[in-house]
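Okay, so here's the structure we're looking at.
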Amino acid sequence: MNGIGLINATGQPAVAGSFHTLVVQPTSFCNLDCTYCYLPDRRSFRLMSGAVAQACAESIAQQNSGHPVSVVWHGGEPTAAPLRLFRNLLTPFEELRRAGMVRHELQTNATLINRQWCELFTAYGFEVGVSIDGPDALNRNRLDRAGNATDARTLRGMQTLADAGLRYSVICVVTPETIDHAESLVDFFTGLPGCESVGFNIEEQEGADRAPVSEDAAYQFWQHLIARRVGGSPLRIRDVDRLADYLAATRAGHVDHAPYEPIPTVSWDGQVVLLSPELLGITEPRYGDFIAGNVLRQPITAMLARAGDLDYVAEFITALNDCADHCAFYDFCRGAQAGNRYFEHATFTARETTYCRITRQALVCAAADHLTTQGEAL
């Protein structure tokens, strides 16, 4: 075993010793100032060095898992980094990409997208994700540093992507103010040129002093989305489609007992957190800074091999076992995200979170009720 611990119910490792997703931060800076943003260093213009990018590429090559790794360029706002520097950061990954061991993804607010960025995305085979929360007032939490609306600039960037022949996905944060607008949101995203899918992230408790979305409101929201998708909506809805894929695999007898997938996240200076990108930059007396190591000094697989020595990872494994032993949603949910446990409960041992209830349980219950009342299959 890799020392990370086991899931009691299956005897399998609790947390995988390899990774399929690597989040990298080319810059800590973001040009927006979204009201719900939790990132602590988004005003600091610090840039990743080529040495850090090289060490990330070496970590991928060393794990030799046979699986391609999605390198997700996140931030901050990744396109706030100078284009020439960003291109240089891609160089260490290029041999791996050409060998099919790496694929690049980028999550952006799209306000800085231009033709040159589109040419880079095309040249390196990027999958692009755009963050926008809907039209007009539904996007009112995504402001610039002067407090101005940003939706027009984001839409212009999305149009630039479409004009370049680049299709993209969308991440939409759904807040208590927008949770009742499911139909408007689906209509909006269906009408966007180049948009092929949308993922709805119901606002999480990550330092924001706001009341969470209610379970009933989340249930109604998922009901609307399921009805639209089953009714023939061409827009892929990430959360609904994942549930459909899970149900199809279960019917076929393909039960997934894979370990929890860590999401190593590398900061601009090479510092690594292992379980949730949201923990990067957070410091807390009980857990310290959550840093497992620095990729300039050791590969990420070595950090994963010793992950069980970190208090927060050990606590999270306890919580995973509690979920596996007691939660009826575990086979689909697989324990959800470590960061949500911490931000909601200030500990990783809590079994159930609001995030779990409104994004996993409410979705499954809405689907089950739809199937029962309509006699349809997802």
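The values are calculated or read from the model by the stated rules, or taken from the named source; none is laboratory data. This structure is a prediction, so every number in the text was calculated from the model and none was measured. Because the Cβ atoms are built from the backbone with ideal geometry, glycine has one as well, and the counts that use them run over all protein chains shown.
Per the listing Arg156, Arg145, Arg98, the residue uniquely surrounded by fewer than 13 Cβ atoms within 10 Å (Cβ to Cβ), over 22 Å from the mean Cα position of the chain (by Cα), farther than 28 Å from Gly281 by Cα and of a type outside the set (S, T, N, Q) is Arg98. Looking across the stretch 293-329, the residues that are part of a loop (DSSP other than H, G, I, E, B) and in contact (Cβ under 8 Å) with a residue 60 or more places away in the chain come down to Val295, Leu296, Pro299, Arg306. Selection of the stretch 107-121 for residues being within 9 Å of Thr79 (Cβ to Cβ) and in a helix (DSSP H, G or I) yields only Trp117.
Looking across the stretch 222-266, the residues that are touching a strand residue (DSSP E or B) at 6+ places or on another chain (Cβ under 7 Å) and farther than 13 Å from Cys333 by Cα come down to Leu225, Arg229, Leu235, Arg236, Ile237, Arg238, Pro262, Ile263, Pro264, Thr265, Val266. Can you find a residue in the stretch 228-240 that is among the small types (Gly, Ala, Ser), without any contact (Cβ under 8 Å) to a residue 24 or more places away in the chain, surrounded by fewer than 17 Cβ atoms within 10 Å (Cβ to Cβ) and assigned to a helix (DSSP H, G or I)? The answer is no, given that none of the residues of the stretch 228-240 is among the small types (Gly, Ala, Ser), without any contact (Cβ under 8 Å) to a residue 24 or more places away in the chain, surrounded by fewer than 17 Cβ atoms within 10 Å (Cβ to Cβ) and assigned to a helix (DSSP H, G or I). Per the listing Phe86, Phe29, the residue uniquely closer than 23 Å to Thr150 by Cβ, in contact (Cβ under 8 Å) with a residue 60 or more places away in the chain and buried (at least 20 other Cβ atoms within 10 Å of the Cβ) is Phe86. For Gly125, the stated conditions do not hold, so it cannot be described as over 23 Å from the mean Cα position of the chain (by Cα) and in a loop (DSSP other than H, G, I, E, B). Within the stretch 336-353, the residues that satisfy the criterion of being of a type in the set (Val, Ile, Thr) and surrounded by fewer than 19 Cβ atoms within 10 Å (Cβ to Cβ) are Thr347, Thr349. Do we find a residue being aliphatic (A, V, I, L, M), at pLDDT 90 or above, under 24 Å from Phe329 (Cα atoms) and assigned to a helix (DSSP H, G or I) anywhere in the stretch 199-217? Yes, the conditions are met somewhere in the stretch 199-217. Within the stretch 271-292, residues that are without any contact (Cβ under 8 Å) to a residue 60 or more places away in the chain reach partners that are polar (S, T, N, Q) and surrounded by fewer than 24 Cβ atoms within 10 Å (Cβ to Cβ) with beta carbons closer than 7 Å, at six or more positions or on different chains, in the pairs Gln271/Asn294; Val272/Asn294; Asp289/Thr283; Ile291/Gln271. Residue-level check: of (1) part of a helix (DSSP H, G or I); (2) farther than 23 Å from Glu261 by Cβ, Pro40 misses just (1).
For the stretch 330-345, a residue qualifies if it is part of a loop (DSSP other than H, G, I, E, B) and free of Cβ contacts under 8 Å to residues at least 60 places away in the same chain, and exactly one does: Ala336. You will find that of Val255, Val272, the residue that is in a strand (DSSP E or B) and either over 19 Å from Ala368 (Cβ atoms) or among the β-branched types (Val, Ile, Thr) (or both) is Val272 and no other. What do you reckon, is Thr372 without any contact (Cβ under 8 Å) to a residue 40 or more places away in the chain, part of a helix (DSSP H, G or I) and over 18 Å from the mean Cα position of the chain (by Cα)? Here the answer is yes, as Thr372 does meet what is asked. Checking each residue in the stretch 56-83 for being free of Cβ contacts under 8 Å to residues at least 40 places away in the same chain and in a helix (DSSP H, G or I) picks out Thr79, Leu83. Reported count of residues in the stretch 331-372, each being hydrophobic (A, V, I, L, M, F, W, C) and over 18 Å from Val173 (Cα atoms), is 12.
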